[in-house]
Amino acid sequence: MKTTFGEYIRFHRNKKGLTLTQLAAELNLDSANLSKIENGIRDFDEKRLSKFAKIFNLDIEKVRDEYITDQIGKQIYETNCTPQLLRVAEEKAEYRRTLRNKTV
């Protein structure tokens, strides 16, 4: 999805017909914090991903992918990364994969 993770949460909350207060209670958050998360002011706590997935009966891996890609996108935006920098970062990620495969 081309959304922030907060928008992703809002989409699923609205789809299920939950209020901010209802979902916040299920996630052990207060509604003000959940509102800030949905509006991109605050980050969602990664430790709550499995609970979020369970509430909406979503695949945890897909939820995690949405979360991670949002975090990466936010970092790219905030640091004004150039395409060249991103290519180098991908090369380093690939290198780390080869290192992991050698140790396994």
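The values are calculated or read from the model by the stated rules, or taken from the named source; none is laboratory data. Because the structure is a prediction, the values reported are computed rather than measured. Glycine gets a Cβ as well: all are built from the backbone with ideal geometry, and neighbour counts include every protein chain shown.
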Which of the following residues is out of contact with any Phe, Trp or Tyr (no Cβ under 7 Å at 6 or more places or on another chain) and modelled with pLDDT of 95 or more: E78, E61? E61
Within the range 1-21, residues being surrounded by 15 or more Cβ atoms within 10 Å (Cβ to Cβ) and on the phi > 0 side of the Ramachandran plot number 0
Of all the helices (runs of 4 or more DSSP H) wholly in the range 26-104, which have at least 2 residues that are surrounded by fewer than 10 Cβ atoms within 10 Å (Cβ to Cβ) and free of Cβ contacts under 8 Å to residues at least 40 places away in the same chain? 60-79, 83-103
